[in-house]
Structure formats: C-alpha cells, structure tokens
Amino acid sequence: MDENTTHNKDGQDDSKSSRRNFLKNIGLLGAGVAAGAGALYSGDIFEKKKAATGESKVLLTQDNRLVEVDSLEMKALAKNPTKLMLEKGREGIEGKRWVMVIDLSKCRNARRCIAACQDAHQLKPEQYHLNTLQMQDNAGTAPYHMPKNCQHCDNPPCVAVCPVDATYKRGDGIVLIDNERCIGCRFCMAACPYSARIFQWTTPKDADRHSGEAYNVEINVPQKLGTISKCLFSADRCRVGKLPYCVSACPNGVYYFGDENEDAVSNGTTQQTVRLSKLLRDNGAYQLMPELGTKPRVYYLPPKNRLFPFEPATDEVSKEG
Amino acid sequence: MDLIISDLSHHIRLNKGFFLWMGFLTLAFLACLFAYIQQLKYGLGVAGVRDYISWGLYISNFVFFVASSLIGMLISAVLGLIGMKWVHPITRIAETIAVAFAAVAGLVIVMDMGRPERLAYVFLYARFQSPILWDVTVITTYFVISLLLLLLPMIPDMAVLYKRFANLPSWLKPVYKVMSLNWSDHPEQNRIIHRSIYILLILIIPAALSIHTVTSWLFALTVRPGWDSTIFGPYFVSGAFVAGSAAVIIAMFFFRKNYKLQDYLTDLHFNNMGKVLVLVAFVYLYFNINEYLVPGYKLKRADAVHLRELMSGHFALMFWLVQVGGLLIPLILLLFRRMRKPLPLTMISVVVLIAAWFKRYLIVVPTMSHPFLPIQHVPENFKVYTPTIIEVAITLLSFILVLMIITLISKFFPVIPLVETAKDKGLDPLKSIQS
C-alpha cells in the first residue's frame, strides 16, 4: 500500500509540476498581454484626457457616496433608470423584515421627523407621510402626541383593493407605490383605516425643478400629479443600511427601527441597538387598531412616565401650499 | 294600424324644438367640457376633494348613475317576465334610461381618475382581487345586455316603419334598414328573436343585481364606519329601484306631453308606476331603518360619531330633508290614488329623484369626513369638503350626456314599442311586410 501510495504521489508531483510550468508560461504571456493592453488603454485614456478639458463631475451614487467622475467617462445606461429602479423596488431586501417602534413617552412634538420626511420626499407643508397627532383616549386620560405614519400592514387593505397592482407589499414588509402605474382612483385611501395615504391633487412641490429626473420608486420622487404617496419606511435608506429619515432626525429618541428577523432595533437619536422582543415586552407595546386585522408593522410604546409637561400643538397649517 | 304608426312615430323628424333643445344641450356640454379640460390640465385639485375626503361629488354621482340604470331590469325583466302586460309601452323608456345611465356611469368614473390617460392599465395590469375590476366587468356586461334589450325588440318596429311610415326622414332610412336586419316576420325569425329576448331578460337580472351590489362593495369592503355594513348590497339595490322608478315616471311624463302619447301612456300606466314606486320605496325604507337603527342602538364609538354627524351634526339638514322629504313624505302621499295622477306623480318623482342623488352624497361624504384617527395640522379645506364650481360643472356634464343620449334615442326611434302595442290591440302590423 505504502509503495503504491508513494509512487502515485510521485506521479502526481510530476504532472503537477508540468501543469505548473504550463500555467506559469500562460501566466507570463497573459501578464504581458494584459500589461500591453493596459498600457495601450491608459495611453488612450491619457490621450482622451489631454484632449478633454479635464472637466470632472461630482456625483452621488445609489449607495449615497460622493464620487468624482470625468465627464468623458460618463456613459448613459442602456436601460431606462426609472425602469431599473422600478424592477429593483419590487423586490424586498433579502432576509429582512423591517419594523418600527414609536415610544410615545418620549415624543414632545418636535416635528423634526416631519420636516426631514417632507424634505426627503418633496412634500408640501400640508402633505404628510408622517404626522404627529394630538391624542386623548378618553376624558380621564392624559393627552399625548402620537407620530402616525403608514403602518406597513402585513394584511394591507390598500394593496387588496388596488386595481392595477400599483401599490404592493414587498418581502421585507414594506408597502410601496409605483407611481408610473397608479391610475389615481384613490380606492387605497378609502380602504386605509389609518388615513396614511395622501394624493397629489395639484402640481407637486418643485415639480419644475425635478421634471427631468428619473423616478425612484423607493423614495417616491419626483412626486407625480394625480397619484398617491405615503410613508415608505425610507426604503431607499434601508437599501443602503441606514435608518429612515424621520428616525435619524428625531431629537428625543422616539423612534426605533430595525429588522424583526434579527430581533434588533436601533434608536435613531441614541444610536443604541436593543432587542426588539424585549423592548416590546418590557414596555407594554401595542399596535394601532389591531382589531381591524391589518397586522401593522409599527408598534407603539405607551405614553407613560413622561418627564416633561404636555404642550398642545399650535403649528396648524392654515393654507394649502 | 296606420293610426298607431303615425301616433307612435310622428315625432320622428327634425323640428325646431329638437334643434333648440339639442343646441342648448350642446352649448351647456361645451361649457362643462371646458371645466373638465381644466381638470385634465391642473389635476383633481380643481375639485374640492382633498386627502381625507378623497371621494366626493364624482363618486356620489357615479353611484347615482349606476342606481338609475337599474330600472331597465326591474321593468323589462322582473315585471315583464311575471306577465304584467301594462309595462309593454314603458319597456323601451326604461331600457333607454338604463343604456344612457350605464354608458355615462363609465365616463363618470373616468372623470374621478387622477390619471385618466392610464385607463387602459385597468385591463393591462388587471388585478382580480380589486372590486374595481369586478365593477368594470359587470357594468360593461350590464350595458351590453341593456343595449341588446333596447335594440332587439326594435327590429320588427324598424322593418314596419321602413316599409310603411311615409314620413320617415330620408337620412334615417338607411339606419332603419340596417337596424331591421332584413326582418320579414318569418316564423323562424320570430322564434329566434323571442328566444333571444327571453334569455336576455333572464340574464339581465343577475347582471343588474351584480352591478349595484358590486358598486356598494366599493364602500362596504372597507372598514370605515358608515360603510362597514353587511346589508349594503340589497340596501343599494332597493335604493336604485326608487331612483330608477322616479326617473322613468319623469321620462314618461315628458314623452307623453311632447310626443302626444296620451292614448298610449295613460293614467293607468302612471297609476301603476306610482304603485311600483310605493312598493320599492317601502323596501328601501325598511333597509334604511336597518342601516341606521342597528348601529344606532349599539353606538360603537366610531358609529356614534358617524350617526351624530348625520342626524344632528354637519349633515343633519341634508339628511332629514332626504329621508323625510325625499322618501317618507313621498311614500305616504303616493298611497293616495289622486297623487298617482300624471302631474302630481311626476312632481313627487322629481323630488324623489333629487333626494336620491343627495342620498348618495350622504353615503359617500360623511363617512370620509370622520376617519378613525383625527384630522390635524391641515388647512381648513382638508377638513370640510366643499365642491367647487368646476366639480359641479363636470358633474352636470354627465347629466347633459344622459339627456343627449335619451333625446337622440327617443327622437329618432319610436318611444313605445310599435309592433308589441299593435299586437296587444289585436292588430298584426307585419302582415303587409311578410314575404
């Protein structure tokens, strides 16, 4: 057995070494070719650069990095970018189940979340993806402020009634709207018990400025006249591993956002990451109108032990923008 | 026989009255069309609807149109199939109203779309789960059956008039010839046409029930208080018969007067239609009591808000005018024979029809005005819905279209089925054209 093994081993070594030599030769040849081609190519680019004015442009990539690109190297994609983003937007982010927790005991109605949201989604002052409502459950209980956005229901009534599949539920739990598809029938608005949806009744904000831009379904901009809009859980930010606009903007630590599968949510203010199940359990978390069977993906922590006085909201939007 | 022909067909000509009326309608149409062009240009914001009350006049009007079109089924199919002979002279009027309202209902819903240019998407990306797709399907079906029920019984009439009506305008002759489909009163032709009409009369009953039931589901399939009801289907259907009967009575009155049909649309017909109206109004009253009393007894929080708004709040005046003035009082009045004479019956029907329109408004708007969560931090016009002039004009546009369709059909074709009437009188108008 031993002898045989040794012999075999030797044989193997032989063939290995010859293969190695062969590969080495090929490798040398390849390297030479590559180097030559590289030289030619860089020479070509150098020539081009010489000929060009050297104009460079600063661009924001899809994952929100600023990069500098020479204008000559910029090539238009063969595919329509709107279409590309629409296709990508139909697929949820693999393995994720996004969830939001809103701690009502922290909300002081700063409304910075609203400002950040309206800024990101090109909304007018009276248009809310997210609104803080002044609530009082009954005469005997204390009033409180309640941020209210789309609940991203797991049994979404809006999605059920849409006649053209413009609004849809993704695998990662987010409910999105394809405004290249929406026919503006507003059945989803009628079906939503949370009044989460808004409609572009008039020309959207800064429509002129954004008219040529490709439509990004994950942030729903540019907004389109005659179509629906609503909270998207900042699907564009989820895509690049960042917290939603509202969550990051809150100064009071109201919002937690994260992944149900990982059982972890992060607070946008303190940047602390906590166990979702523990947070919900320890604080008596509840959902909005769970009796309707919509199965919301937003949890609320009750407004208990507030360390600040309740201040009624005053900032009414009096005119349509 | 010639007397019947001239009685029922003498109005088929172009006269000054027709041009004046159509001219008026056309002008009004163009004015209202301008309003719709404004909406196309600037978006639905030209109407009063906003984020919370997102359905308003157009949807109320749509429900009213679907409702009014249902009467074709009640008169022709239900009353016809159980052998009520007196409905024969009214069937074509009922079918004309059905066709006109069903056709325009489809346009009314397009007027409510934020993106009407994407109408084809409803078919291209059709999602079977959406009640809108069901509604589109059944309304189209109902429209087609109603149109066939208008056209098929007209075939023998066309043949008779083409051959025997000397005053038929020459430009209408080819139309009549085509529509008569070479009718020669052959027994085989008669067999086919009777069979077809019979099948259609049976088919139209489920189709009609479907269109208004599905239309009611556009509301009842949501969880909102005021819409979240299990009786919305029959409630809407019974209400539809009230509106439709009133519309038929009004049309009968006008045709009788303008086309001098006193001998054919007699007091008996008005009396009987009055009784039909009483019957359907009673059924509707019954559903109304169910719809308001049952949640009113329990007063669940959201229902309590809804009912308070209706009965003593923002909508109280309209609510009581509609319920008492537009349903209860007409119902009591019509119990008296004297009130079922043509003139008083027509006046009552006008009130009932107007109330029927506002009733749809009361079904659509109040529910949207108080959603589950409070309406805050928005302008005043988001909280209270006020229709705009443009919105009213666009709504009028739909009524003008209905009037145009009814006028054209009734003006160029006999309003009362000619051959059927002659046969009921024991005459055979087709003898002379048999070959």
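Just so you know, all these numbers are worked out from the coordinates, no wet-lab data involved. This is a predicted model, so every value here is computed, not measured. Positions of Cβ are generated from backbone atoms using ideal geometry, with glycine treated the same way; all protein chains shown enter the neighbour counts.
Quick check on the range B:147-188: take the gyration tensor over C-alpha atoms, sort the square-rooted eigenvalues as a ≥ b ≥ c, and tell me if it's rounded (a/c under 1.5), prolate or oblate. Oblate is the answer for the range B:147-188, as a/c is 1.5 or above yet b/c matches or exceeds a/b. Cys residues of the protein assembly as shown that find no other Cys beta carbon under 4.7 Å: A:Cys107, A:Cys117, A:Cys153, A:Cys162, A:Cys182, A:Cys185, A:Cys192, A:Cys238, A:Cys250, B:Cys32. Across the range A:219-233, coupling constants 3J(HN,Hα) worked out from phi with the 6.51/-1.76/1.60 Karplus curve, θ = phi - 60°, read 10, 6, 10, x, 4, 10, 4, x, 10, 8, 9, 5, 4, 10, 6 Hz, and Gly and Pro carry x. Estimated from the Cβ-Cβ distance and a Förster radius of 35 angstrom, the FRET efficiency linking B:Asn290 and A:Met289 is about 0.85. In nm, give the distance between the simple-model label positions of A:Ala207 and B:Arg308, each being 7 Å from the Cα along the Cα-to-Cβ direction. Going from the A:Ala207 label point to the B:Arg308 one covers 3.9 nm. May I ask you to list the residues of the range A:99-119 whose amide nitrogen lies under 16 Å from a point 7 Å from Cα along the Cα→beta-carbon direction of A:Thr314? Hits in the range A:99-119 for A:Thr314 at 16 Å: A:109-111. May I ask you to derive the FRET efficiency for B:Ala31 and B:Thr140 from their Cβ-Cβ distance with R0 = 30 Å, giving the value to the nearest 0.05? After rounding to 0.05, the efficiency reads 0.50. Rounded, prolate or oblate: which fits the range B:177-277, taking a ≥ b ≥ c as square roots of the Cα gyration tensor eigenvalues, rounded meaning a/c under 1.5, else prolate when a/b beats b/c? Verdict is oblate for the range B:177-277. Per-peptide packing, taken as the mean over residues of other Cβ atoms within 10 Å, places B:148-160, B:79-91 in the sequence B:148-160, B:79-91 from highest down. First check a/c for the protein assembly as shown, with a ≥ b ≥ c the square roots of the eigenvalues of its C-alpha gyration tensor; if it is under 1.5, answer rounded, and if not, answer prolate when a/b is larger than b/c or oblate otherwise. Because a/c hits 1.5 or more and a/b exceeds b/c, the protein assembly as shown counts as prolate. Mean residue ellipticity at 222 nm, helices only, chain B: -22500 deg cm²/dmol; runs of at least 4 DSSP H residues each add -39,500 (n - 2.57), and the sum is divided by the number of residues. Working note: Karplus 6.51/-1.76/1.60 with θ = phi - 60° gives the range B:29-46 the couplings 4, 5, 4, 6, 5, 4, 4, 5, 5, 4, 5, 4, 6, 9, x, 5, x, 5 Hz, where Gly and Pro are set to x. For the pair the range B:361-417 and the range A:158-191, the centres of their Cα atoms are 25 angstrom apart.
The distance from the alpha carbon centre of the range B:50-72 to that of the range A:76-112 is 36 Å, rounded to a whole number. Comparing B:Ile211, A:Leu307, B:Thr346 along the charge dipole axis of the protein assembly as shown, the residue lying farthest to the positive side is B:Thr346, per the Cβ-charge model.
Check each of the GluC sites (Glu not before Pro) in the range A:242-308 and keep only those in coil by DSSP with at most 14 other C-beta atoms within 10 angstrom; list them in order.
Within the range A:242-308, the qualifying GluC sites (Glu not before Pro) (loop, at most 14 other Cβ atoms within 10 Å) are A:Glu262.
Among the trypsin sites (Lys or Arg not before Pro) in the range B:332-435, those placed in a DSSP loop whose Cβ has at most 13 other Cβ atoms within 10 Å are B:Lys425. In the Gaussian network model of chain B, springs joining C-alpha atoms below 10 Å, which of B:Pro116, B:Pro379, B:Pro344 carries the largest mean-square fluctuation? Residue with maximal mean-square fluctuation among B:Pro116, B:Pro379, B:Pro344: B:Pro379. Under a GNM of chain B (C-alpha, springs under 10 Å), which listed residue has the highest mean-square fluctuation: B:Trp171, B:Trp183, B:Trp217? Among B:Trp171, B:Trp183, B:Trp217, the largest GNM mean-square fluctuation belongs to B:Trp171.
Put the Cα centre of the range B:134-173 next to the Cα centre of the range B:240-311 and the gap is 28 Å. Annotation: amide H-H contacts under 5 Å for A:Asp70 (H modelled 1.01 Å from N, sequence separation of 5 or more, or interchain): A:Lys57.
Angle check, please: helix B:187-220 long axis (alpha carbons) against the longest principal axis of chain B (alpha carbons), in degrees 0 to 90, nearest 10. That helix lies at roughly 10 degrees to the long axis. Rounded to the nearest 0.05, the FRET efficiency derived from the C-beta distance between A:Val69 and B:Glu380 at R0 = 41 Å is 0.25. Mind scanning A:Lys169/B:Lys41; A:Lys242/A:Lys319; A:Lys96/A:Lys148; A:Lys106/A:Lys205 and naming the pairs with a C-alpha gap bigger than 26 Å? Cα-Cα > 26 Å for A:Lys169/B:Lys41; A:Lys242/A:Lys319; A:Lys106/A:Lys205; rest within.
Any chance you could run the full-extension gain for A:Asp165 through A:Gln271? It's 0.36 nm times the residue separation minus the Cα-Cα distance, nm to one decimal.
34.5 nm
Taking 0.36 nm per residue of separation and subtracting the Cα-Cα distance, full extension of the segment from B:Leu107 to B:Phe24 would add 27.8 nm.
Karplus-derived 3J(HN,Hα) values for the range B:322-332, using 6.51 cos²θ - 1.76 cosθ + 1.60 with θ = phi - 60°, are 5, 6, 8, x, x, 9, 5, 5, x, 4, 5 Hz; glycine and proline are entered as x.
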